[in-house]
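Below you'll find the structure, written out as structure tokens, and then a few comments.
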Amino acid sequence: MPEYTAKIIQETGRIDKVAADLFTDVSRSQVQTAIKNQQLQVNGQLVKAKYQVQPADEIKLILPEPEPIDAQPEPMALDIIYEDDQVIVINKPQGMVVHPAPGHLHGTLVNGLLAHGQLSSINGKIRPGIVHRIDRDTSGLLMVAKTDIAHKSLTEQLKNKTNLREYVALVHGVIGEESGTINAPLARDPKHRKRQAVVAGGRHAVTHFKVIERLSDYTLIRCRLETGRTHQIRVHLQYIKHPVAGDPLYGPKKTLSGNGQFLHAAKLGFTHPTTGEWLEFQAPLPPIFTETLAKLRAGETIKLVNNSGY
């Protein structure tokens, strides 16, 4: 059985939340189940989920062996923007996980793609065909490899920064500049283990942005990725004090209600792996995004909701 141990240094709050933050591959619901099953101890004693951690507390969590992950084909409707014998371009909806992982074994994009047809084998049984990912609650375009030749070519383009990935984001606050570049290294947040943060010595990360429209207390922007780090756009925009609206991890305490963050992978371009032709695709904003923009443009007062972020 997997065993996790940690010592409280500066963390505060309920044991179920703190443990889920400390053990990054364990969800809060898993911790709560472990507490009910008497599989979590603090200083050798059983505790309840509401227990408030104290400095120097020693946590020990034991979980049952995880269910083996093996992506299975699951027929589902896919919004296919383009497809040929080498690549597929998908418009992923908000709420869909890209590939199976603990807690998300079914209903992922990979499950649907496996039912649709051939995928490259380079990433094994869990992430076949997946060249790059977008977060569960980010919508928009993904390029998927159907063959190993395509996979190697698309991966190389990502590495060499010769492809195009543009996002549209609705952010809090009014950005004064017309455009800008955020060059700030990213790594795991030392205080919140499930988040990323700007950290000295982290991985090189660059995001370019351009203002599309200013809307009262918000700004609609276009972001172009130069690098593709985990949560890059979301962390970079939080770093410059303009977090993405609706972002449950990096947003403010009060934010717009939606299906997660108002972030959409709107444009994707790459060189075709075998023909050498430059291909470029666009995907329209999802309905919740366009409806919210319409309300802001009309000057309607939109009630903010409590955010589960920081």
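Computed from the coordinates by the stated procedures, all read-outs in this text should not be read as laboratory data. Only a predicted model underlies this, so the values are computations on that prediction, with no experimental measurement involved. Here Cβ is always computed from backbone atoms with ideal geometry, including for glycine, and neighbour counts include all displayed protein chains.
Counting helices only, and only those DSSP H runs with n ≥ 4, report the 222 nm mean residue ellipticity of the chain as the sum of -39,500 (n - 2.57) divided by its residues, in deg cm²/dmol to the nearest 500.
That calculation yields -5500 deg cm²/dmol at 222 nm.
How long are the semi-axes of the equivalent ellipsoid of the chain, defined as square roots of 5 times the Cα gyration tensor eigenvalues? Whole Å, largest first. If you can, show how the numbers build up before the last one.
Numbers: eigenvalues 228, 147, 66 Å².
That gives 34, 27, 18 Å for the three semi-axes.
Can you tally the net charge around Arg14? Count Lys and Arg as +1, Asp and Glu as -1, for every other residue whose Cβ sits under 10 Å from the Cβ of Arg14.
+3
Mind listing which trypsin sites (Lys or Arg not before Pro) in segment 1-56 are in a DSSP loop and have 14 or fewer other Cβ atoms within 10 Å?
Working: sites: Lys7, Arg14, Lys17, Arg28, Lys36, Lys48, Lys50; in loops: Lys48, Lys50.
Answer in residue order: Lys48, Lys50.
Work out how much length Thr274 to Asn306 would gain on full extension: take 0.36 nm times their residue separation and subtract the Cα-Cα distance, in nm to one decimal.
6.6 nm
Give the long-range amide H neighbours of Ile212: residues separated by 5 or more places, or on another chain, with amide H under 5 Å away, using H modelled in the peptide plane at 1.01 Å from N.
HN-HN under 5 Å from Ile212: Leu220, Ile221, Arg222.
Could you tally the net charge around Val42, taking each other residue with its Cβ under 13 Å from the Cβ of Val42, Lys/Arg +1 and Asp/Glu -1?
+1
Once you order the gyration tensor axes a ≥ b ≥ c over the Cα atoms, which shape class does segment 3-62 get: rounded for a/c under 1.5, otherwise prolate or oblate by comparing a/b with b/c?
Rounded, since a/c falls under 1.5.
What residues qualify as long-range amide H neighbours of Gln86, i.e. H under 5 Å apart, gap of 5 or more or another chain, H built at 1.01 Å from N?
none
Please list, in chain and number order, the residues 5+ apart from Leu164 or on another chain whose amide H is under 5 Å from its amide H, with Hs placed from the backbone.
Amide H to amide H, under 5 Å and 5 or more residues apart or across chains, Leu164 pairs with Gly269, Phe270.
Distance cut-off 25 Å, Cα to Cα: go down the list Lys7/Lys36; Lys92/Lys253; Lys159/Lys210; Lys50/Lys241; Lys210/Lys303 and report the pairs above it.
Those over the limit are Lys92/Lys253; Lys50/Lys241; Lys210/Lys303.
Give the distance, in whole Å, between the Cα centre of segment 243-308 and the Cα centre of segment 1-79.
Distance between centres, Cα-based: 31 Å.
Quick one: Arg195, Arg224, Arg234, fewest Cβ neighbours within 10 Å first, how do they rank?
On the way: Arg195 20, Arg224 16, Arg234 24.
Ordered from fewest to most neighbouring Cβ atoms within 10 Å, Arg195, Arg224, Arg234 come out as Arg224, Arg195, Arg234.
Taking the Cβ of Leu186 as the centre, find all other residues whose Cβ is under 12 Å away and add up their charges (Lys, Arg: +1; Asp, Glu: -1). Write down the numbers at each step before the final one.
Details: positive: Arg188, Arg195, Arg203, Arg229, Arg234; negative: Asp189.
That sum, taken over residues with Cβ under 12 Å, equals +4.
Sticking with the crude label model, points 7 Å out along Cα→Cβ, report the distance from Thr5 to Gln282 in nm, one decimal please.
With each label placed 7 Å out from Cα toward Cβ, I get 5.8 nm.
Return the single residue from Met143, Met96, Met76 with maximal mean-square fluctuation; model: Gaussian network over the chain, springs between Cα atoms under 10 Å.
Comparing Met143, Met96, Met76 in the GNM, the peak value goes to Met76.
Students often check this: by mean Cβ neighbours within 10 Å, which of 157-165, 239-247 ranks highest, and how do the rest follow?
Values: 157-165: 15.6, 239-247: 22.6.
Sorting 157-165, 239-247 by mean packing, highest first, produces 239-247, 157-165.
With a ≥ b ≥ c the root eigenvalues of the C-alpha gyration tensor of segment 67-160, is it rounded (a/c under 1.5), prolate (a/b larger than b/c) or oblate?
Note, shape of segment 67-160 comes out rounded.
Among 120-132, 198-210, 294-306, how do they line up by average Cβ neighbours within 10 Å per residue, starting with the highest?
Peptide ranking by packing, descending: 120-132, 198-210, 294-306.
Seen from all sides and averaged, what is the projected area of the convex hull of the Cα atoms in segment 163-310, in nm²?
Values: hull surface 39.2 nm².
Projected over every direction and averaged, the Cα hull of segment 163-310 covers 9.8 nm².
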